[in-house]
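S.K.: For reference, the structure I am asking about is given below.
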Amino acid sequence: MHLSVMSMKRVLPVIFPIMLLLSSCGSNNSTVILWTDKPEMTAYVEEFNSTQDKYRVEIVYKKQPGAVLSLTDNPADLIVSEFLNSPGIIGLFTPLDSFFTDGIMDLSVFYSGLLELGRKEEELFLLPVSFNLPAIMFNKETESDNIPSFFMNPDVMEKAAGNFNKINNTDFQRMGFSPRWESEVLFQNAVLTETDFQLLNTEILSWNNQKLMDSLKLSIKWSEEINGGFEQEEEFTTKFLYDPPYKLIAENRILFYYSDLVNFFGLPPDKRKNMDFRWFSSADKIPVLDNILFSGIPNSAGNKKGALEFIYWFFNPSTQKKLLKSTQIKRMDTFGFANGFSSLSEVNKNELPIIYPTLVGYIPPESSLIFPKPLPLYWNELKTQIIKPWLDDQTGEDPSNISLQKTIEEWLKQRP
């Protein structure tokens, strides 16, 4: 399925009125301006500024820095944000390959699949910073016979959830799981069935509509065959799912609930201590969530040399090790590195399990990861406002006959 979308220049930037100046250094060749919408970058910049006196990084917070970049002639020196690899934006950044030929920085430390997402026509424009993965959480005391050791594939979940279900007369007292509890599960099911959402060139949003419909059939089949149908699921959901998932799991009311790496470790320690997780996957492949964090130097940046110095420092595994320890000491409310898994595999393998013992034995190899294709800058908005509600509707009791293509077309017409 192909769908024409509007030019990126129609995305209006909203600039946060808050600027955090980390230094008063006024020399153009010593000050590096960093645009970002990620508050966790503040701690990293503070550390960089305190460890050397050659360059000083100043953070300017902007919502959707990539959209701002597409509309300005006076960009930052460095940008850290999501969806910078969108086809309409990636070409606004400086190619980086030539800066790494002198051995100062080893690109082999990155996950190769992530690194490829920052390339356009074989040239490297962006460096990945961090990423997130989908997970299924459950009670640690759940019988091990029902739980696989690493991956949580839907067919395994379906069997375990069906065995867990308990009906008193006609009412469910326990329900193992429903894909309809979270619209993100419906979306991830579409990803796992290779619906393959992606933005082709700068105008065509593409997906495999047959695969999308196949994913909906699987979700509907689960509701009908495992959970007794839409009405039974709705009755159980209304009656019990007002409590937090970890509480429902602890009370043995439900068996599984969808989460992701960041949100799972964002649970209060006393709530998480009895919880465990497995990677949500299919055929032992885990879809990397689409909000990957990237960094890049705009073409018209005034201080590329200073931006590169920060990059060399920031993507050094020993630097990231120190930053992880520093954020733990400061008790920052973020997970891992830049609120996710680091883009450097050795940091995830060697450092994160020390800080998060639950991750011991659960760092996925790159061969098990499915990386998303380039998506538009407004993807989060589109996904939240249109795609997820459409998936909810199509798996409900009375689905509309309006296609996803038509729904997106109407949404695009109404956008400013």
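The values are calculated or read from the model by the stated rules, or taken from the named source; none is laboratory data. Everything quoted here is computed from the prediction, not taken from an experiment. Virtual Cβ from ideal backbone geometry, glycine too; neighbours counted across all protein chains shown.
S.K.: Checking the conditions here, which among Asn350, Asn380 is loosely packed, with under 15 Cβ neighbours inside 10 Å and on the phi < 0 side of the Ramachandran plot? Walk me through how you get there before you give the answer.
M.R.: Values: Asn380 fails: loosely packed, with under 15 Cβ neighbours inside 10 Å.
Of the residues listed, the single one that is loosely packed, with under 15 Cβ neighbours inside 10 Å and on the phi < 0 side of the Ramachandran plot is Asn350.
S.K.: For Ile136, all conditions in the list (1) closer than 30 Å to Ala67 by Cβ; (2) of a type in the set (Val, Ile, Thr); (3) touching a strand residue (DSSP E or B) at 6+ places or on another chain (Cβ under 6 Å) hold save one; what is the number of the exception?
M.R.: In the conditions (1) closer than 30 Å to Ala67 by Cβ; (2) of a type in the set (Val, Ile, Thr); (3) touching a strand residue (DSSP E or B) at 6+ places or on another chain (Cβ under 6 Å), Ile136 misses (1) alone.
S.K.: How many residues are in a loop (DSSP other than H, G, I, E, B) and under 15 Å from Pro374 (Cα atoms) when one looks only at region 69-82? Before you say what the answer is, go through the steps one by one.
M.R.: Of the residues in region 69-82, the ones in a loop (DSSP other than H, G, I, E, B) are 70-77.
Next, only the ones that are under 15 Å from Pro374 (Cα atoms) stay: none.
Counting residues in region 69-82 that are in a loop (DSSP other than H, G, I, E, B) and under 15 Å from Pro374 (Cα atoms) gives 0.
S.K.: Kindly indicate the residue of region 147-173 that is of a type outside the set (Phe, Trp, Tyr) and in a strand (DSSP E or B) and also surrounded by the fewest Cβ atoms within 10 Å (Cβ to Cβ) among those meeting that condition. Talk me through it step by step, then tell me what you get.
M.R.: Filtering region 147-173 down to residues of a type outside the set (Phe, Trp, Tyr) leaves 147-149, 152-163, 165-171, 173.
Checking the rest, the ones that are also in a strand (DSSP E or B) come to 152, 166-168, 171, 173.
Values: Met152: 23, Lys166: 13, Ile167: 13, Asn168: 8, Asp171: 12, Gln173: 14.
If we take residues in region 147-173 being of a type outside the set (Phe, Trp, Tyr) and in a strand (DSSP E or B), then Asn168 is surrounded by the fewest Cβ atoms within 10 Å (Cβ to Cβ).
S.K.: So, Ser282, is that one assigned by TED's automatic domain parsing to the domain that holds Thr395 and within 30 Å of Leu412 (Cβ to Cβ) or not?
M.R.: On the way: assigned by TED's automatic domain parsing to the domain that holds Thr395: yes; within 30 Å of Leu412 (Cβ to Cβ): no.
When the stated conditions are applied, Ser282 does not pass them.
S.K.: Filter region 88-112 for residues that are assigned to a loop (DSSP other than H, G, I, E, B) and of a type in the set (Gly, Ala, Ser); which is farthest from Glu366 (Cα to Cα)?
M.R.: Per the criteria, the residue is Gly88.
S.K.: Go through region 349-375 residue by residue and tally those that are within 28 Å of Ser86 (Cα to Cα), touching a strand residue (DSSP E or B) at 6+ places or on another chain (Cβ under 8 Å) and assigned to a helix (DSSP H, G or I).
M.R.: Of the residues in region 349-375, 1 are within 28 Å of Ser86 (Cα to Cα), touching a strand residue (DSSP E or B) at 6+ places or on another chain (Cβ under 8 Å) and assigned to a helix (DSSP H, G or I).
S.K.: Something else now. I'm checking my understanding of the structure. Among residues of region 390-401 that are touching a residue at least 12 places away in the same chain (Cβ under 8 Å) and outside any helix (DSSP H, G or I), which one is nearest to Leu199 (Cα to Cα)? Walk me through how you get there before you give the answer.
M.R.: Our first condition is that a residue be touching a residue at least 12 places away in the same chain (Cβ under 8 Å); within region 390-401, this holds for 390-392, 394-397.
Filter again for outside any helix (DSSP H, G or I), leaving 395-397.
Numbers: Thr395: 26, Gly396: 28, Glu397: 32 Å.
Per the stated criteria, the residue is Thr395.
S.K.: Now for a different question. From the residues in region 46-68 that are part of a helix (DSSP H, G or I), in contact (Cβ under 8 Å) with a residue 60 or more places away in the chain and in contact with a strand residue (DSSP E or B) (Cβ under 8 Å, 6 or more places away or on another chain), which one is nearest to Thr36 (Cα to Cα)?
M.R.: Checked region 46-68; the qualifying residue nearest to Thr36 (Cα to Cα) is Gly66.
S.K.: Can you pull out the residues in region 70-82 that are in contact with a helix residue (DSSP H, G or I) (Cβ under 7 Å, 6 or more places away or on another chain), surrounded by 24 or more Cβ atoms within 10 Å (Cβ to Cβ) and either modelled with pLDDT under 95 or under 15 Å from Val32 (Cβ atoms) (or both)?
M.R.: Asp77, Leu78, Ile79, Val80
S.K.: Now for a different question. Return yes or no: is Phe230 surrounded by 15 or more Cβ atoms within 10 Å (Cβ to Cβ) and in contact with a strand residue (DSSP E or B) (Cβ under 9 Å, 6 or more places away or on another chain)? Lay out the reasoning, then the answer.
M.R.: Values: surrounded by 15 or more Cβ atoms within 10 Å (Cβ to Cβ): yes; in contact with a strand residue (DSSP E or B) (Cβ under 9 Å, 6 or more places away or on another chain): no.
Answer is no for this residue.
S.K.: Working carefully through the options Thr327, Thr358, find the one that is in the same structural domain as Asn29 (by TED's automatic domain parsing) and either among the aromatic types (Phe, Trp, Tyr) or within 30 Å of Leu241 (Cα to Cα) (or both).
M.R.: Numbers: Thr327 fails: either among the aromatic types (Phe, Trp, Tyr) or within 30 Å of Leu241 (Cα to Cα) (or both).
Only one candidate qualifies: Thr358.
S.K.: Of everything in region 121-136, what is outside any loop (DSSP other than H, G, I, E, B) and over 19 Å from Asp284 (Cβ atoms)? Give them in sequence order. Spell out how you get there, then give the answer.
M.R.: Filtering region 121-136 down to residues outside any loop (DSSP other than H, G, I, E, B) leaves 123-124, 127-131, 134-136.
Result: Glu123, Leu124, Leu127, Pro128, Val129, Ser130.
S.K.: Out of Lys38, Lys62, report the one residue that is within 20 Å of Gln320 (Cα to Cα) and not acidic (Asp, Glu). Can you show your working first?
M.R.: Working: Lys62 fails: within 20 Å of Gln320 (Cα to Cα).
Lys38 is the lone residue from the list that is within 20 Å of Gln320 (Cα to Cα) and not acidic (Asp, Glu).
S.K.: While we're looking at this one, here's another question. Only one of Asn29, Asn85 is assigned to a loop (DSSP other than H, G, I, E, B) and modelled with pLDDT of 95 or more; which?
M.R.: Of Asn29, Asn85, the one residue that is assigned to a loop (DSSP other than H, G, I, E, B) and modelled with pLDDT of 95 or more is Asn85.
S.K.: Here's something else I'd like to know. Any residue at all in region 210-217 that is small (Gly, Ala, Ser), modelled with pLDDT of 95 or more and in a helix (DSSP H, G or I)? Talk me through it step by step, then tell me what you get.
M.R.: Kept after step one, since they are small (Gly, Ala, Ser), are these residues of region 210-217: 215.
Right, trim to modelled with pLDDT of 95 or more and you get 215.
The next check asks that each one be in a helix (DSSP H, G or I); those that pass are 215.
Yes, region 210-217 contains at least one residue that is small (Gly, Ala, Ser), modelled with pLDDT of 95 or more and in a helix (DSSP H, G or I).
S.K.: Right, next: Whether any residue in region 94-107 is over 20 Å from Glu309 (Cα atoms) and in contact with a strand residue (DSSP E or B) (Cβ under 8 Å, 6 or more places away or on another chain) is what I want to check.
M.R.: From region 94-107, those over 20 Å from Glu309 (Cα atoms) are none; that's our starting set.
Scanning region 94-107 turns up no residue that is over 20 Å from Glu309 (Cα atoms) and in contact with a strand residue (DSSP E or B) (Cβ under 8 Å, 6 or more places away or on another chain).
Yes or no, residue by residue, for (1) in contact with a Gly (Cβ under 9 Å, 6 or more places away or on another chain); (2) among the hydroxyl-bearing types (Ser, Thr, Tyr); (3) more than 29 Å from Ser400 (Cα to Cα); (4) crowded, with 20+ Cβ neighbours inside 10 Å:
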residue	(1), (2), (3), (4)
Thr202	yes, yes, yes, no
Ser206	no, yes, no, no
Gln210	no, no, no, no
Phe240	no, no, no, no
Pro244	no, no, yes, no
Lys271	no, no, yes, no
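S.K.: Follow-up. Against the condition under 22 Å from Phe280 (Cα atoms) and either of a type outside the set (A, V, I, L, M) or not assigned by TED's automatic domain parsing to the domain that holds Asn189 (or both), how does Phe256 come out, does it pass?
M.R.: On the way: under 22 Å from Phe280 (Cα atoms): yes; either of a type outside the set (A, V, I, L, M) or not assigned by TED's automatic domain parsing to the domain that holds Asn189 (or both): yes.
Spelling it out, Phe256 is indeed under 22 Å from Phe280 (Cα atoms) and either of a type outside the set (A, V, I, L, M) or not assigned by TED's automatic domain parsing to the domain that holds Asn189 (or both).
S.K.: Of everything in region 131-158 that's free of Cβ contacts under 8 Å to residues at least 12 places away in the same chain and charged (D, E, K, R), which residue is nearest to Lys271 (Cα to Cα)?
M.R.: Glu143
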